[in-house]
Every structure is written in C-alpha cells, then in structure tokens.
Amino acid sequence: MKKVLFILAAVALLASCNKKGEGTTPTEDSLSTAYGTMAGYGIKMQVSGTPDSVNYDEFLKGLEKALATEADTSVNARSFQMGEQIGAQLGSSFTAMKEQGVNINKELFLAELKKAFSEKKEPDQAKMMNLQMTLQSLMGKVQAQAAKKKADEGVKYYQDAEKSGNYKKTAQGVLYKVEKPGKGVCFKKGDEVMLKYKGMHIDGSVFDQSYKAVMFPVDETQLIKGFVDMLTNMKPGMKVTCIIPGKLAYGDRGNQNIAPNETLVFEIETGNLATAADKKMAGGAEAVADSAK
C-alpha cells in the first residue's frame with residue numbers, strides 16, 4: 001500500500017505544480033491517457049497488497065461511480081467501497097487541476113486505468129520512471145497552454161475595459177474606476193495605510209480578501225507593483241475597482257493560484273495613514289502584506 005500511496009502522491013504533486021472551460025485539448029487527452037495508466041498500475045499494486053481478496057470488477061464499478069458514472073452496488077460492497085474511495089480521491093485531484101486550467105478526459109483516463117489495472121504482470125521500476133517523466137513533460141505543456149490562454153484572456157479583458165471609457169488609467173497602466181471619492185492628498189511610497197481589499201480573477205472569483213481594515217505598506221518590496229501604483233493614486237476614504245495587467249501583478253512567475261502574466265481585478269477602499277496604535281495592533285501586518293504580493 002505504501003508503494004501506491006507514493007505513486008498517487010507523485011501524480012497529485014504533478015497537478016499541484018502547475019479555469020474554467022469545457023472539453024479537453026489533444027495534449028490534455030495525452031495527459032489523461034498517461035495519468036490513467038500510472039493510476040491503474042498504482043491502484044493495482046495497492047489492491048493486490050490488501051490482506052483480503054478483492055473483486056476487481058466491483059472495485060472498478062465503485063471507482064467509476066465516484067468519477068460520476070453509474071454502477072450497481074448490490075454485490076461485493078467492500079470492493080466497491082474501496083474503489084469509490086480511491087475514485088473520490090482521483091476526482092479531487094481532477095478538480096484541483098481544473099482550477100489551474102488543466103482538464104482531464106475521464107473516458108480516456110478510465111480506459112487506460114482499466115487496461116493497466118488488468119495487466120497480470122506488475123510494471124518494473126524503469127517503466128514507472130519513464131511514465132512519470134512523460135507525465136511531467138505533458139503536464140508542463142498543458143500548464144503552459146493554460147497559462148497562455150489565461151494571459152491572452154486577461155489582455156482582452158483589459159483592452160475591452162480600456163475601450164469602454166469607464167476607467168481612468170494611471171501612468172504605469174493600471175485601469176481604475178472611482179466608486180467613492182476620497183479627501184486630502186494621495187498616499188505616497190513609504191506610507192503605511194489602513195485599507196480593505198478584495199482580489200479577483202477576471203471571471204469574478206475571489207482569490208484573496210480582507211474582511212476588516214488591515215495595514216499595508218506602500219512599498220513594492222511588500223506588494224505587487226500595480227497595487228502600490230494604485231495606492232499612490234488614491235486619497236484617504238477613496239474606493240476603487242482597478243484592473244492590474246499581468247506585468248504589474250505577478251509577471252512571468254505567477255503566484256500560487258495566480259497564473260503567470262494573469263490580469264487581476266481588485267476592489268480597494270482606503271482609510272487613513274496608520275497610527276502608532278494601528279501599527280502596534282497589526283502584529284501580523286507583514287504576513288498579510290506578503291499574502292497580497
């Protein structure tokens with residue numbers, strides 16, 4: 001069992017290394033095939049290592065049900081439940097991949113899984129290593145395609161917003177719409193500001209937000225360039241919706257669930273300059289600021 005858990009963990013890691021959409025690309029189909037083969041071998045090793053005998057047909061029915069296909073649950077419930085449990089784990093990995101723009105063709109995946117699962121001879125180490133290298137290569141290609149698609153969609157979103165005439169533009173290129181005007185003078189680099197924010201992908205899904213006012217340094221070593229640029233164009237009490245192009249966000253490197261060169265949307269509402277008391281209370285301010293970098 002330890003061997004297969006290691007293999008499935010390695011496959012899950014490929015998914016996390018680096019959004020939505022229907023269907024799969026030819027490269028994703030190739031990835032699905034290789035992924036199914038590796039999962040089939042790994043699961044076969046796990047099942048063959050269980051202390052009690054397992055009905056393979058019922059096991060596969062349970063796995064298929066967990067991957068959204070119908071199955072008869074009337075016989076050999078233990079084998080069925082084991083397959084259902086592993087199928088649910090695989091389904092979770094598919095969901096994680098989809099959130100990063102990688103879609104798995106379940107029909108191809110299941111076909112290859114069954115083929116590998118039904119082989120009488122276990123694969124040798126060299127075959128598994130070659131398969132893992134293939135998976136890594138395919139995952140890299142699929143992720144690159146997904147990142148380019150997301151970056152291209154962001155460029156179009158930015159261009160459409162700019163053409164709409166509803167946004168102003170900073171000198172560096174951040175588009176913004178004033179939701180509430182502020183008073184006084186704009187913040188400057190080096191200030192520490194109390195503010196609320198919500199960070200979103202262009203489809204409106206939220207990747208980060210503050211639920212109450214937090215202290216932020218107006219500093220490009222702590223925050224992305226576009227966020228700092230926006231703050232230096234805001235006054236106390238001002239609220240904006242802004243669109244930050246990828247080059248002013250996380251650039252080529254991306255960040256966690258943010259793709260390379262992805263265009264981001266922020267809602268920002270500023271308070272006043274942080275007081276000494278604010279700074280003392282905001283003991284975790286640096287960590288909060290890092291989360292928005």
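Numbers at a glance
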| item | result |
| --- | --- |
| Spin-label model distance (nm) - Ala171 vs Asp208, 7 Å beyond Cα toward Cβ | 2.6 nm |
| Mean Cβ neighbour count within 10 Å, used as a protection proxy, ranking 248-256, 99-107 highest first | 99-107, 248-256 |
| In Å², nearest 10: area of Tyr167 left accessible to a 1.4 Å probe | 50 Å² |
| Whole-angstrom gap from the range 101-120 to the range 183-235, using each part's C-alpha centre | 45 Å |
| Flagged links, alpha-carbon separation over 22 Å, of Lys115/Lys148; Lys212/Lys239; Lys196/Lys225; Lys44/Lys121; Lys106/Lys141; Lys169/Lys212 | Lys115/Lys148; Lys169/Lys212 |
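The values are calculated or read from the model by the stated rules, or taken from the named source; none is laboratory data. These figures come from a predicted structure and were not determined experimentally. Reconstructed Cβ throughout: ideal geometry from the backbone, glycine too, with neighbour counts over all protein chains shown. Areas reflect the complete protein model, heavy atoms only, side chains present, ligands, DNA and RNA absent. Shrake-Rupley method; radii C 1.70, N 1.55, O 1.52, S 1.80 Å.
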